[in-house]
Structures are given as C-alpha cells and as structure tokens.
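What follows is a short report on a single structure.
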Amino acid sequence: MKIESTNFGKLTDGREVKLFSLSNNNLKIKITNYGAIITCIEMPDKNGVIENVVCGFEKLENYINDEYLGSYPYFGAIIGRFGNRIAKGNLEVEGQIYNMAINNGPNHLHGGLTGFDKKLWDVETFQEEGKVGIKLTYLSPDLEENYPGNLKVTCIYTLDPESNLGIEYFAETDKTTVVNLTNHSYFNLTAGKENILNHELQLTATKMTEMVGQIPTGKIIPVERTAFDFSSFKTFKKDMAGLPTGFDDNFVLDNESGELKYAGCLKENKSGRKIEIFTTQPGMQLYTGYWNPELVIDGKKKFGSFSGVALETQHYPDSVNQPAFPTTLLKPGEKYKEKTIYKFITE
C-alpha cells in the first residue's frame, strides 16, 4: 500500500493544485484536490494489461478549459451541495424560499454554477493498518450558490489491499440546509477502446422514481419487465431501443436505514473487469453518458456519447420538494454521513 503526491498545476488565480496516488498491488487511483476529482483508476484486465477505466484527464488545464466546461460532464468530481436536480431551482427550507441557479434546462443541477466540483479542497494524507487515504475538507459559506448555512464538508477516499475504493462523506451545518453528496466518476472497463453499450449491469433495485422531464413525480414505480429492469445482468444496449439518449434515471435501493449494502455490479466480458458497488445511500442515478462531449486531447479525439457510465449513489433527485422521499435536510447538531465502496475485480 502506497500513497504519493505531485503538483498538478495552478488555477487561473495562481493557487496550486495537488494530485495524489493511492495504490496497492493491483490498483492505482489518482485524485486531485481540485473538485475532489478522481482523475484515473488503473487496473489490470484478464491478460494483465493495466489501463485507466474512468473518464478523466492527465492535466489540470483540461479540467478548467472552456471547451470542457462548455458541455460539462463533471468527470470524476464530488458533487454538492445538492447532487442531481432541484425542480425549477425552488428550494424551501423551514418556510423560507431560496431561488437557486437554473443551470440545466428549467432546473438546478449539481449544486449550481460553481459547485463543490470546482472548489479547491484542503487535503491531508494518511496511512493506517490495512488502508491508505486522503481526507479532503471544504467549508461552504452561508448562501454560497444561495444554499443556507455554513456547511463543513469532509470527503475521505481510502484504498485497501482488496481493491476496495471507499468514499465517505461527512457534513455539519450551523443552519438548517439540504445536503446530497455523490461522486460523478464515469466508468469504461474497455479503457475507452469501445463505448459502454456492451457493458453489463446488475442492480438490486426493483423500483425507480417515476420521472417527467428528469424530475420525479413523487411516485415510486416497479421496474420489472421494463427497460429499467437490471435484476439480472444485461447490456445497456439490450433495451435501449425506446431510449434514444440512453439511461439517466434514479433507482430505489430500498435502503432508507442507511446500512452499507450491496447495490449492484458493472462488468465487461472482453476485459474481465468488473466493479461491485456497496452503499449506505437510498438511491443510485444510472447515467450512460449520452451528452458526454467529444474532445480533442493532445491531438486525439476522446470521449463522446456513451464513453462512460456514471453510477451515482445518492438521495433521490428533487428530494427537497418531495416530503415522502428520504430527507436531505440537515439541521444544526446533526451529522450527515454516507459511504460508498467500489470494489474492483479482474476475473
């Protein structure tokens, strides 16, 4: 087990950004304190070939240039203060209305114009028995992106010898607010040689939130015998005929108690790579990356539609406007705590 750090470049205001590598005998994970972004996950295929299986960049400048931000897919970032959508940007907390930035059609998405994905986090490294990790912290001031309360956020990434990538989230506030944190990594187990349509997914979810225009209606509906039924392994392309832009949907994991539970598995047979997902969160957004931009990086075309799949463990979209959904309210004196584990396996 090893942890290393290097300089990753400078932001336009001159602040220095670091890149950290967590590694064991099979896996190397690179994380920067800009946006708490996972930039790279290197793992072997069944023939021992080691490649990067997430969408990301080797240089900081690619994360902050206009071309990438113009059709911004949030590659690898921590999303906050509120992941996913808030309908029409209408947030009501304890009787007070807060109007949020409209940055996704008619709705508020992923924390606004400058969410946690674009912040420079404070960071410290640690090595304990059986794991290495980094602890990232950020203080989101009262009314940043118009969210109420000073929110102290901590994100801890850990790697152990069994190739479990742990992501833990903690938050505390001095004023009632809303919190919904997730990681927005896009996986491609072919290491970008193919798109993800032949990847296979299995989920424990038997239900999903019914959506109209990407906003929940409030109904929880069964997925059995629909295109959204991933109760057994199937490729993304199998039932995509009626879904021209693929999947971008919230699955209900029946986990309102907050236990760490198995939620599903992504695999790709040619490479022999797979990822098992465990989480305390009640939901998971499956997004197959239709809107991912095609970019020219060092003279080569990269990414584009279906270049990666995001498996975002989360509370449900627009929970703030749906009293029946698991709450995303956080009050002074309470502690927000969630955990997700991605287990990387080569068969």
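Values for this structure:
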item	result
Criterion: in a loop (DSSP other than H, G, I, E, B), crowded, with 19+ Cβ neighbours inside 10 Å and small (Gly, Ala, Ser) - qualifying residue of Gly14, Gly111	Gly111
Residue in the range 17-41 that is surrounded by the most Cβ atoms within 10 Å (Cβ to Cβ), counting only those that are among the polar types (S, T, N, Q) and part of a loop (DSSP other than H, G, I, E, B)	Asn33
Selection status of Gly242, out of contact with any helix residue (DSSP H, G or I) (no Cβ under 9 Å at 6 or more places or on another chain), assigned to a loop (DSSP other than H, G, I, E, B) and buried (at least 22 other Cβ atoms within 10 Å of the Cβ)	no
Subset of the range 305-347 [of a type in the set (A, V, I, L, M, F, W, C) and either part of a strand (DSSP E or B) or under 18 Å from the mean Cα position of the chain (by Cα) (or both)]	Phe306, Val309, Ala310, Leu311, Leu329, Leu330, Ile341, Phe344, Ile345
Single condition Arg273 does not satisfy, out of (1) on the phi < 0 side of the Ramachandran plot; (2) buried (at least 22 other Cβ atoms within 10 Å of the Cβ); (3) in contact with a Gly (Cβ under 6 Å, 6 or more places away or on another chain)	(3)
Every residue from the range 62-77 that is under 16 Å from Phe8 (Cβ atoms) and in contact (Cβ under 8 Å) with a residue 40 or more places away in the chain	Asn62, Ile64, Tyr68, Phe75, Gly76, Ala77
Number of the exception - Asp249 against (1) more than 17 Å from Thr206 (Cα to Cα); (2) touching a residue at least 24 places away in the same chain (Cβ under 8 Å)	(1)
Inter-residue pairs, beta-carbon under 8 Å, first closer than 13 Å to Leu19 by Cα and loosely packed, with under 14 Cβ neighbours inside 10 Å and in the range 121-138, second at pLDDT 95 or above and of a type in the set (Ser, Thr, Tyr), 6+ apart	Asp122/Thr137; Asp122/Tyr138
Qualifying residue in the range 58-65 (condition: in a strand (DSSP E or B) and aliphatic (A, V, I, L, M))	no
Identity of the residue in the range 57-103, surrounded by 14 or more Cβ atoms within 10 Å (Cβ to Cβ) and of a type in the set (Gly, Ala, Ser), that ends up farthest from Gly149 (Cα to Cα)	Gly76
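Yes/no matrix, rows are residues, columns are (1) in contact with a helix residue (DSSP H, G or I) (Cβ under 7 Å, 6 or more places away or on another chain); (2) modelled with pLDDT of 95 or more; (3) over 30 Å from Ser140 (Cα atoms):
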{"residue": "Thr235", "(1), (2), (3)": "no, yes, yes"}
{"residue": "Lys261", "(1), (2), (3)": "no, yes, no"}
{"residue": "Thr280", "(1), (2), (3)": "no, yes, no"}
{"residue": "Lys302", "(1), (2), (3)": "no, yes, yes"}
{"residue": "Leu311", "(1), (2), (3)": "no, yes, no"}
{"residue": "Phe325", "(1), (2), (3)": "yes, yes, no"}
{"residue": "Thr328", "(1), (2), (3)": "yes, yes, no"}
{"residue": "Ile341", "(1), (2), (3)": "no, yes, no"}
{"residue": "Thr346", "(1), (2), (3)": "no, yes, yes"}
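The values are calculated or read from the model by the stated rules, or taken from the named source; none is laboratory data. If you're wondering where the values come from, they're calculated on a predicted model, not measured in any experiment. Cβ atoms come from the backbone with ideal geometry, glycine included; neighbour counts cover every protein chain shown.
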